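A.B. asks: My structure is below; once you've seen it, I'll send some questions.
The values are calculated or read from the model by the stated rules, or taken from the named source; none is laboratory data. Given the structure is predicted, the values throughout are model-derived calculations rather than measurements. In this analysis, Cβ positions are derived from the backbone assuming ideal geometry, glycine residues included, and neighbour counts consider all displayed protein chains. Ligands, DNA and RNA are stripped out before the accessible areas are found, and what is left, the full protein with its side chains, is counted by its heavy atoms. Shrake-Rupley method; radii C 1.70, N 1.55, O 1.52, S 1.80 Å.
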Amino acid sequence: MKLIIASNNAHKLVEMKAILGEFFDEILSLREAGIEHETVEDGSTFLENAEKKAREIAEISGCCAIADDSGICVDALGGAPGIFSARFCGRHGDDEANNDLLLEKLEHEENRRAHYTCAVVLAYPSGETVSAEGYFYGEITRERVGKNGFGYDPLFFLPEYGCTVGELDPEIKNRVSHRAKAIRALAEKLGKKQ
């Protein structure tokens, strides 16, 4: 059975192959599968966006497809930026501007608690889906620390590690992140299905 990842992110490909490889004969990125498609992420939750992406790619390819959607949710901002994490500043993927805006909004806040959320959905060509979510808890620092990772990682402090995700060894991040937790939870559900 073939699985298409609704992404061209090389890191996601490696991570998903490592965790889901036992369930599929072949795991391919969109590029490797020869698919050029951009899903409009207009859902109101991470799960809705992930499901929409997975269903569209399953329908286009006739294969199983997996997609995820993730972002950071800050307690003092009522869960924002949430599904708008990548475009918090109004432009998609501008990490610097997104981080600047988050620091500005939290400037006078004492409550710095936050968490990353990842929803992952596997869609079968039949229309059936299996989903899971993963979470990564921490707090927002007052300045960027560390050069690893991307997005809000230099601002996301992990008390149990005593550092930001931006300082965390990438191998450790890949084991404990919200995405890794969501994919492992999905693998557990697939194992029970078999």
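A.B. asks: Given ILE83, ILE57, which one is modelled with pLDDT of 95 or more and over 30 Å from GLY146 (Cα atoms)? If you could, list the steps in order and put the result at the bottom.
C.D. replies: On the way: ILE83 fails: over 30 Å from GLY146 (Cα atoms).
Among ILE83, ILE57, only ILE57 is modelled with pLDDT of 95 or more and over 30 Å from GLY146 (Cα atoms).
A.B. asks: Right, next: Does ILE172 satisfy the condition of being part of a helix (DSSP H, G or I) and open to solvent by 30 Å² or more (accessible area, probe 1.4 Å)?
C.D. replies: Numbers: part of a helix (DSSP H, G or I): yes; open to solvent by 30 Å² or more (accessible area, probe 1.4 Å): yes.
It is true that ILE172 is part of a helix (DSSP H, G or I) and open to solvent by 30 Å² or more (accessible area, probe 1.4 Å).
A.B. asks: Within the range 105-140, count every residue that is surrounded by fewer than 18 Cβ atoms within 10 Å (Cβ to Cβ) and in a loop (DSSP other than H, G, I, E, B).
C.D. replies: Qualifying residue count for the region: 11.
A.B. asks: Right, next: From the list ILE35, ILE27, pick out the single residue that is free of Cβ contacts under 8 Å to residues at least 40 places away in the same chain and touching a Ser or Thr at 6+ places or on another chain (Cβ under 9 Å).
C.D. replies: Only one candidate passes the filter, namely ILE35.
A.B. asks: Okay, next question. Being without any contact (Cβ under 8 Å) to a residue 40 or more places away in the chain, open to solvent by 10 Å² or more (accessible area, probe 1.4 Å), outside any strand (DSSP E or B) and of a type in the set (Lys, Arg) narrows it down to one of LYS147, LYS181, so name that one.
C.D. replies: Values: LYS181 fails: without any contact (Cβ under 8 Å) to a residue 40 or more places away in the chain.
Going through LYS147, LYS181 in turn, just one is without any contact (Cβ under 8 Å) to a residue 40 or more places away in the chain, open to solvent by 10 Å² or more (accessible area, probe 1.4 Å), outside any strand (DSSP E or B) and of a type in the set (Lys, Arg): LYS147.
A.B. asks: Based on this model, can you work out whether PHE46 counts as among the aromatic types (Phe, Trp, Tyr) and more than 15 Å from the chain's Cα centre (by Cα)?
C.D. replies: For PHE46, the condition - among the aromatic types (Phe, Trp, Tyr) and more than 15 Å from the chain's Cα centre (by Cα) - is not met.
A.B. asks: Another question, if that's okay. Residues to consider are SER131, SER126, SER177; find the one that is over 17 Å from SER85 (Cβ atoms) and under 20 Å from the mean Cα position of the chain (by Cα). If you could, list the steps in order and put the result at the bottom.
C.D. replies: Working: SER126 fails: under 20 Å from the mean Cα position of the chain (by Cα); SER177 fails: over 17 Å from SER85 (Cβ atoms).
Of the residues listed, the single one that is over 17 Å from SER85 (Cβ atoms) and under 20 Å from the mean Cα position of the chain (by Cα) is SER131.
A.B. asks: For the range 33-91, what are the residues that are among the aromatic types (Phe, Trp, Tyr) and under 14 Å from THR117 (Cβ atoms)?
C.D. replies: Within the range 33-91, PHE46, PHE84 qualify.
A.B. asks: Let me ask another. Looking at GLU51, GLU41, can you tell me which residue is more than 16 Å from LYS2 (Cβ to Cβ) and either in contact with a Leu (Cβ under 6 Å, 6 or more places away or on another chain) or at pLDDT 95 or above (or both)?
C.D. replies: Result: GLU51 is the single residue among GLU51, GLU41 that is more than 16 Å from LYS2 (Cβ to Cβ) and either in contact with a Leu (Cβ under 6 Å, 6 or more places away or on another chain) or at pLDDT 95 or above (or both).
A.B. asks: Here are the criteria: (1) part of a loop (DSSP other than H, G, I, E, B); (2) open to solvent by 50 Å² or more (accessible area, probe 1.4 Å); (3) touching a residue at least 60 places away in the same chain (Cβ under 8 Å). Tell me which single one GLU167 does not satisfy.
C.D. replies: With respect to (1) part of a loop (DSSP other than H, G, I, E, B); (2) open to solvent by 50 Å² or more (accessible area, probe 1.4 Å); (3) touching a residue at least 60 places away in the same chain (Cβ under 8 Å), GLU167 is out only on (3).
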